[in-house]
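Here is the structure we will look at.
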Amino acid sequence: MKCPNCYGMENKVVDSRTNKEGNVIRRRRECLSCSERFTTYEKLERSLPLLIKKDGRREEFDRDKIISGVRKACQKRPVSIKNIEDLVDRVEQYLQELGEKEIHAVKVGEKVISEIYNLDDVAYVRFASVYRSFKDVNEFMVELKEVLKNKDGTKTPKNW
């Protein structure tokens, strides 16, 4: 691991801790050249399926792409980055459990949208309006009415 300060390759681990779930290790390191301290994270690299896009192309699963889309939907909402990362972790876990080598991107999108539905109503409507490409205000209103109808605590996205 290169030091971010002097780019030296020699360092020592000063402290190691795992997160609550036990799937990430945080390491504090000290560069042996300049004594700069920095943090690294180790995470198990999972083998995720290739996504089959609508036009038939195959694409690698991109965690950052999902985080970016969900963050945009959650702008100015009381949703922490931790909640968003946990959401993406659940999507990745879902893909792992499927055990497929390839999966249609639509299935991943539907999983993301169902997770957002349980996270924040406004973010859900924002994300759904882009993801489902609403063609007019009426489609948007149908989705909004569905969300309002399910406010009684039984949050289940329609048509899933």
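Nothing in this text is a laboratory measurement; each read-out follows from the coordinates by a stated rule. Every value quoted in this text rests on a predicted model; they were computed, and no experiment measured them. Note that we place each Cβ from the backbone using ideal geometry, even for glycine, and neighbour counts take in every protein chain shown.
Here is how the numbers come out for the structure above:
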read-out: Free-standing Cys residues across the chain, given no other cysteine C-beta under 4.7 angstrom; value: CYS74
read-out: Amide H partners (placed H, <5 Å) of HIS104, local residues excluded; value: ILE52
read-out: Quotient of C-alpha Rg and 2.2 N^0.38 Å, computed over the range 58-98; value: 1.24
read-out: Rg/Rg_ref, the range 1-65, where Rg_ref = 2.2 N^0.38 Å and atoms are Cα; value: 1.62
read-out: Angle between the chain longest axis and helix 81-98 axis [Cα atoms, degrees, rounded to 10]; value: 80 degrees
read-out: Value at 222 nm in deg cm²/dmol, rounded to 500, when DSSP H runs of n ≥ 4 in the chain each add -39,500 (n - 2.57); value: -13500 deg cm²/dmol
read-out: Loop chymotrypsin sites (Phe, Trp or Tyr not before Pro), the range 1-71 (other Cβ atoms within 10 Å of the site Cβ: 14 or fewer; DSSP); value: TYR7
read-out: Helix axis angle, 137-149 relative to the chain longest principal axis, alpha carbon, degrees; value: 80 degrees
read-out: Degrees separating the helix 63-73 axis from the principal Cα axis of the chain, which is the longest one; value: 50 degrees
read-out: Calculated log₁₀ intensity ratio I(q)/I(0) where the Debye formula runs over C-alpha points of the range 100-147, q = 0.22, 0.29 Å⁻¹; value: -0.77, -1.10
read-out: Separation of alpha-carbon centers, the range 1-49 and the range 53-85, rounded to whole Å; value: 25 Å
read-out: Rg/Rh for the chain, where both radii come from Cα atoms and Rh is the Kirkwood radius; value: 1.09
read-out: log₁₀ of I(q)/I(0) at q = 0.25 Å⁻¹ - the range 49-144, Debye sum with one point per alpha carbon; value: -1.32
read-out: Out-of-range pairs (alpha-carbon distance over 18 Å; input LYS72/LYS107; LYS20/LYS82; LYS43/LYS82; LYS53/LYS107); value: LYS72/LYS107
read-out: Calculated from backbone phi, Karplus (6.51, -1.76, 1.60) coupling profile of the range 7-21 in Hz, x at Gly/Pro; value: 6, x, 8, 8, 8, 10, 7, 9, 8, 10, 9, 9, 6, 4, 6
